[in-house]
Structures are given as structure tokens and as C-alpha cells.
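Here the structure is laid out as C-alpha cells; the discussion comes afterwards.
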Amino acid sequence: MSNPSKQSSPATSTESTRRDFMVLTGSAMAGLGACSVVWPFIHSMNPAADVLALASVEVDLAPIQPGQTIKVKWRGVPVFIRHRTPDDIKEARAVNVSDLPDPESDEMRVKKGSEQWLIMVGVCTHLGCIPMGGAGEYGGTNKGGWFCPCHGSHYDTSGRIRKGPAPKNLAVPQYEFLANNRVKIG
Ligand code: FES
């Protein structure tokens, strides 16, 4: 069990997820007065301890079965983690990359040797809605794609935009595997 403050509780998302100065002038006295006001203002802009704690998040992948997608929260945004099936991977790699709106091979979006794990920021690249997992026209036989219902963007089993107004593929965050079944995002 990891440090609870860094551990996000996965929430299954196989079901649909609908989802800052001021100018300081005047006398010395005024300056002193300003300082006493500005300090707490600046201090308040420092990241809070709980925000710093979420700069990265570790996730135990062991409970995530093939074909299942979970959602974790990282830096205030949802991150999708899908345990892809062989069919998901096959379909993602059967695409002519040059035909894609945002050409990226599947290999560029996953870690070599861990191709079954697809990890992406779950924010539509159009206007920021949260796409629905297990939906859309490019999910293949296992419904491994995503669909954004806000304006109709379809993402495939690699999270690449295939149809609709979204201009870019779902973003892949920085992450690393700490062990076979443990990943650190951020
Ligand atoms: S926000 Fe997703 S399609 Fe517009």
C-alpha cells in the first residue's frame, strides 16, 4: 500500500462519464502598509501542501482487468488508464497513421513492453469536456474507444482523434512504471 496522500482511488469509468498584480506607490508609510497587505496575498499564491502532494500520483494497476478502464485524478484533471486487450492494440496499429488528423503511431503513445497500458489525460482537446469511455465509432470490437458527446469527437483505442471537431489526440502525460503493476503519473 503506498502513501495514502499520493494514492488515488480509482473509480471505474467503464460506465459513461458525463461529464492570476497590483501597483504599489506613495509614502513610506503607505509602502509599509502595502507590504503588510501584499505579503499574505503573495503567500496565498504558493502551492498548498495538498496540491504539491498531487504533483504526481501512483496507481496500483493490478486490479485493472483487460478491457477495463479506470479514471484517476491528477493535478485536478482526470486521467484514463485502460488495460487494453490484444484486439485493442491490434486495431490501434492497423491504422494508416498518415490518414489521421493528428498523426501519431500507437507505439508513440505507449511504453515499449507495456503496450497494454494506455494512459491519457481524459480531457477532450476540443473544448475540454470529459469523453465517455467504451463509446464512439472507433472503439473496435471491445468498445475500447472514447466519445465526447459535447460536440461529437470520436477517439480510437489509442486515444487518437478520428472524427469530430477535436484537433488533437488525447494527451499522454509523463509517467513511468515503478514496477510491472505500479505506475507513477507526473
Ligand atoms: S469538447 Fe469534446 S467535442 Fe467539443
Qualifying residue in the range 107-123 (condition: at negative phi and within 10 Å of the ligand (Cβ to nearest atom)): yes
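Keeping to the range 140-156, report how many residues are buried (at least 21 other Cβ atoms within 10 Å of the Cβ) and more than 6 Å from the ligand (Cβ to nearest atom).
Residues meeting the conditions: 6.
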Hand me the list of strands (runs of 3 or more DSSP E) wholly inside the range 146-185 holding 2 or more residues that are within 17 Å of the chain's Cα centre (by Cα). 146-148, 153-155, 175-179, 182-185
Test Glu137 against the criterion of being acidic (Asp, Glu), surrounded by fewer than 19 Cβ atoms within 10 Å (Cβ to Cβ) and in contact with a His (Cβ under 7 Å, 6 or more places away or on another chain), and give yes or no. yes
Within the range 162-185, track down each residue that is surrounded by 14 or more Cβ atoms within 10 Å (Cβ to Cβ), in contact with a His (Cβ under 8 Å, 6 or more places away or on another chain) and closer than 14 Å to Gly128 by Cα. Gly164, Pro165, Ala166
Evaluate the following for Gly136: is it within 16 Å of the ligand (Cβ to nearest atom) and either touching a Leu at 6+ places or on another chain (Cβ under 6 Å) or not in a loop (DSSP other than H, G, I, E, B) (or both)? no
Considering only residues that are over 17 Å from the mean Cα position of the chain (by Cα), of a type outside the set (Gly, Ala, Ser) and more than 19 Å from Gly164 (Cα to Cα), look in the range 99-113 and name the one that is surrounded by the fewest Cβ atoms within 10 Å (Cβ to Cβ). Lys112
Hey, Asn96 hits all of (1) exposed (fewer than 15 other Cβ atoms within 10 Å of the Cβ); (2) within 16 Å of the ligand (Cβ to nearest atom) but one; which does it fall short on? (2)
Of everything in the range 117-128, what is of a type outside the set (Val, Ile, Thr) and surrounded by 17 or more Cβ atoms within 10 Å (Cβ to Cβ)? Give them in sequence order. Trp117, Leu118, Met120, Gly122, Cys124, His126
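Rule-based calculations on the coordinates, nothing more; no lab input. Keep in mind it's a predicted model, so treat the numbers as computed, not measured. As a convention, Cβ positions derive from the backbone with ideal geometry for all residues, glycine included, and neighbour counts pool all protein chains shown.
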